[in-house]
Amino acid sequence: MFRAIVNNIFTGRRTSGASTITMQVVRLLEPARRTYLNKLKESFRAVQLELHFSKEEILQMYLNLVPYGGNIEGIKAASILYFGKGPQLLSLAEITALTIIPNRPSSLRPGTRNDALKSARNKWLKRFENDDLFDKNLIQDAVDEPLNVRRLSAPDQASHFALRMKKDYPGQPVIQTNLRIQLQMQIENQVKNYVNRLQGMNIHNAAVLVINNETMAVEAYVGSADFNNPFDGGQVDGVRAVRSPGSTLKPLLYATAFDKGILTPKNVLNDVPSNFGGYEPENFDQHFNGPVTAEFALANSLNIPAVKVLKEISTPVLIDKLRKSGFKTIDKQSKDLGLSMILGGCGVTLEELTRLFSAFANEGEFRPLSFTAEPLRPKKGAAIVSKEAAYLVTNILTQVTRPDLPTNFDNTFHLPKIAWKTGTSYGKRDAWSIGYNRRYTIGIWVGNFSGEGVPELSGANIATPLLFSIFNALDYNSPKGWYKIPANVSLRKVCAVSGDIPSNFCDHQITDDYIMGVSPYRKCQHMRWVFTDAPGKISYCTYCLPEKGYEKNAYPNLAPELVAYYELQKIPYPKIPPHNPSCERVFHEGAPLIVSPNEGSEYYIRKEEPQQIQLACQAAIDVQEVFWYINDKLSKKSAPHEAVFISPPFGRVKISCSDDKGRNSNIWISVKRM
Ligand SMILES: [Zn+2]
Ligand SMILES: [Zn+2]
């Protein structure tokens, strides 16, 4: 260094530079103008570096920072961009070339100055030969090696995943992840091609997450169809974007109900118009199916049965399960969530949903995802649902006789053996399809990051074909086999009408899975005995039953909501004859249920043009007539399924409905002036 200074002073210009590797590192870390003062500062910094780091560490810094012209920094970047491989794979000729470029980055720039670079390279190789550093033949091979480099484009595989890992592990030069790069590239291609075909429908994006169920390793992670497409939000990471789940939380709901002993797969739920305190959900196709089994309701993703089941197990119980399964947005929203959450009225990510389904794949056991090779996750997780309930749900979601198969599904299309659930969010903004077998859980989201809805968007038709084709490519006919029936799940005979334990009435019996010691043991009450007179015109109770001249007949025990539905749809059903008019017994059970207006609701009414409000009830099957009272004064008399209208008084108003058996119920509303 001293020699260089003297030289420079005598010649008046800079002829030779002198820097140790450490000083070069200092300059690369803190670039400054080349003055003698700065040189002095740099020497001081160099001493500091030498005190803090070993020679090896300083050399590593140098190799990571050394400039290669353009925006290329570090020998690894140069190796990848000029030779398309990591430095450990370079030949002697290649590493020699790379080593000398930093001395004259512009005059030896690869691609534009290949000849100069080659002769400089060979000069050094000759010196190696003279110094006996390498075998003669090796040197000769290196000298003969052609040099045809040009700058390659930077690798951009798994862009969303790479960005995420970089953020999660700041400053770590190499992050060993569980991604399977061949699989990742194949799925990236599949997603890109698939979304290209959907462009015409105004559908522009998709995201895919592939989880290995055994290790919980994330093996493929596609955040969008094209990271480099700025028009459709290509850089948005669809794996982590918060979206509406549509119906995809229903499997967890039914599994929870199985575990709580509320339901078995063949238990019957009424898919009929229902009012849940002012909330009147509809089905996706706006049709009602009447009485259906729980498994039909789940496989067909019916909304009303799902809301009923949620009401029974209560939203806090479901939210608690979701919280334990790592659903962050739902945890934040928990205070504001109601029954509609089971139809998609909440926020989830593809990552959260796919991870939840992997718990079903792992027989109810929830485990966190493993992105990097280290640290190894503990083998045991937390049971979100029992393995029995997981088995029952998996069984239902494996059935292929269901409406959420893609409409173009036919025999030429390979259907992988998987359990899957689709979802379509409100406004057709999100299409989901999440599937699993024993080895893999794959989550698919298709939609627009702009949030724009598309009429053709549906989980069944738009997301499921991509799920099937990825499964077929990844694990068609999985050698791992299918789930075995848990020891605690057994078969029993149930009444086909109710799914309950058969009683004397139940002549149509079917077999049903149940969880021993958990599933409900209810005797079927789908029919009941009714005493009537001989022509079947009036019915008797035990109080007014005459000594002779009566008959005992079985009548269906229909829930009021089902009677109301049959009346509405004009579906015939056996009606119990009107009760003996001379009976004096007062009945208590089965009072009419007032379904309009809602208890506690507020009405604002203009005095000049008073609006009317509708009164409606659901009455027991043997009721012929109901009586409406407003503030204890008789207002209307009607058939039980007839809607009537009243002009209410202002203030707090008591509305009562009595049936012809004297059973009564009351609600209160408040009516205010607008
Ligand atoms: Zn029965
Ligand atoms: Zn009676």
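The values are calculated or read from the model by the stated rules, or taken from the named source; none is laboratory data. Owing to the predicted nature of the structure, the values given are computational and were not obtained by experimental measurement. For neighbour counting, all protein chains shown are included, and Cβ atoms are generated from backbone atoms with ideal geometry for every residue, glycine included. Ligands, DNA and RNA are excluded from the accessible area calculation, which covers all protein heavy atoms including side chains. Shrake-Rupley method; radii C 1.70, N 1.55, O 1.52, S 1.80 Å.
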Considering (1) under 23 Å from Leu28 (Cα atoms); (2) surrounded by fewer than 19 Cβ atoms within 10 Å (Cβ to Cβ), say which one Asp115 fails and leave the rest.
-> (1)
Any residue at all in the stretch 594-614 that is closer than 26 Å to Phe531 by Cβ and open to solvent by 30 Å² or more (accessible area, probe 1.4 Å)?
-> no
So which helices (runs of 4 or more DSSP H) are wholly in the stretch 102-173 and hold at least 3 residues that are of a type in the set (S, T, N, Q)?
-> 114-130
In the stretch 492-510, anything touching a residue at least 40 places away in the same chain (Cβ under 8 Å), within 6 Å of ligand 1 (Cβ to nearest atom) and either of a type in the set (Gly, Ala, Ser) or in a strand (DSSP E or B) (or both) is listed as Ser498
Any chance Thr464 is out of contact with any Asp or Glu (no Cβ under 6 Å at 6 or more places or on another chain) and within 16 Å of ligand 2 (Cβ to nearest atom) | no
Yes/no for Lys537 being over 27 Å from the mean Cα position of the chain (by Cα), part of a loop (DSSP other than H, G, I, E, B) and over 30 Å from Leu562 (Cβ atoms) | no
What residue, among those in the stretch 554-591 that are within 16 Å of ligand 1 (Cβ to nearest atom) and in a strand (DSSP E or B), is surrounded by the most Cβ atoms within 10 Å (Cβ to Cβ)?
-> Tyr555
For the stretch 135-163, enumerate the residues that are out of contact with any Pro (no Cβ under 7 Å at 6 or more places or on another chain), touching a residue at least 12 places away in the same chain (Cβ under 8 Å) and open to solvent by less than 80 Å² (accessible area, probe 1.4 Å).
-> Ile139, Ala142, Val143, Glu145, Leu147, Leu152, Ala154, Ala158, Ser159, His160, Phe161
Apart from one, (1) out of contact with any helix residue (DSSP H, G or I) (no Cβ under 8 Å at 6 or more places or on another chain); (2) open to solvent by less than 80 Å² (accessible area, probe 1.4 Å); (3) within 16 Å of ligand 1 (Cβ to nearest atom) all hold for Gly536; the odd one out is (3)
(1) modelled with pLDDT under 85; (2) on the phi > 0 side of the Ramachandran plot: which one isn't true of Gly549, the others all being true?
-> (1)
Selection within the stretch 517-533 - within 16 Å of ligand 1 (Cβ to nearest atom) and part of a loop (DSSP other than H, G, I, E, B) | Pro520, Tyr521, Arg522, Cys524, Gln525, His526
Any idea how many residues of the stretch 594-623 are out of contact with any Ser or Thr (no Cβ under 7 Å at 6 or more places or on another chain) and either within 14 Å of ligand 2 (Cβ to nearest atom) or not basic (Lys, Arg) (or both)?
-> 20
Evaluation of Glu352 against (1) among the charged types (D, E, K, R); (2) at pLDDT below 95; (3) closer than 12 Å to Leu249 by Cα (one fails), failing number = (2)
List pairs: first in the stretch 519-534 and under 14 Å from Val268 (Cβ atoms), second within 16 Å of ligand 2 (Cβ to nearest atom), Cβ under 7 Å, 6+ apart or cross-chain?
-> Met527/Tyr555
Can you work out which of the residues in the stretch 510-532 that are in contact with a Lys or Arg (Cβ under 7 Å, 6 or more places away or on another chain) and open to solvent by less than 80 Å² (accessible area, probe 1.4 Å) is nearest to ligand 2 (Cβ to nearest atom)?
-> Phe531
Touching a Lys or Arg at 6+ places or on another chain (Cβ under 8 Å), at pLDDT 95 or above and under 25 Å from Lys308 (Cβ atoms) - does that describe any residue in the stretch 252-262?
-> yes
Quick one: is Ala619 among the hydrophobic types (A, V, I, L, M, F, W, C), under 29 Å from His579 (Cα atoms) and touching a residue at least 24 places away in the same chain (Cβ under 8 Å)?
-> yes
Does the stretch 624-632 contain at least one residue that is among the polar types (S, T, N, Q), under 15 Å from Ser665 (Cβ atoms) and at pLDDT below 90?
-> no
Count of residues meeting criterion [open to solvent by 40 Å² or more (accessible area, probe 1.4 Å), among the acidic types (Asp, Glu) and assigned to a helix (DSSP H, G or I)] in the stretch 426-485 = 0
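In the set Lys192, Lys167, Lys250, which member is of a type outside the set (S, T, N, Q) and over 22 Å from the mean Cα position of the chain (by Cα)? Break it down into steps so the answer makes sense when it comes.
Values: Lys192 fails: over 22 Å from the mean Cα position of the chain (by Cα); Lys250 fails: over 22 Å from the mean Cα position of the chain (by Cα).
Checking each option against the conditions leaves just Lys167.
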For the stretch 244-262 the number of residues that are in a loop (DSSP other than H, G, I, E, B) and open to solvent by 10 Å² or more (accessible area, probe 1.4 Å) is 5
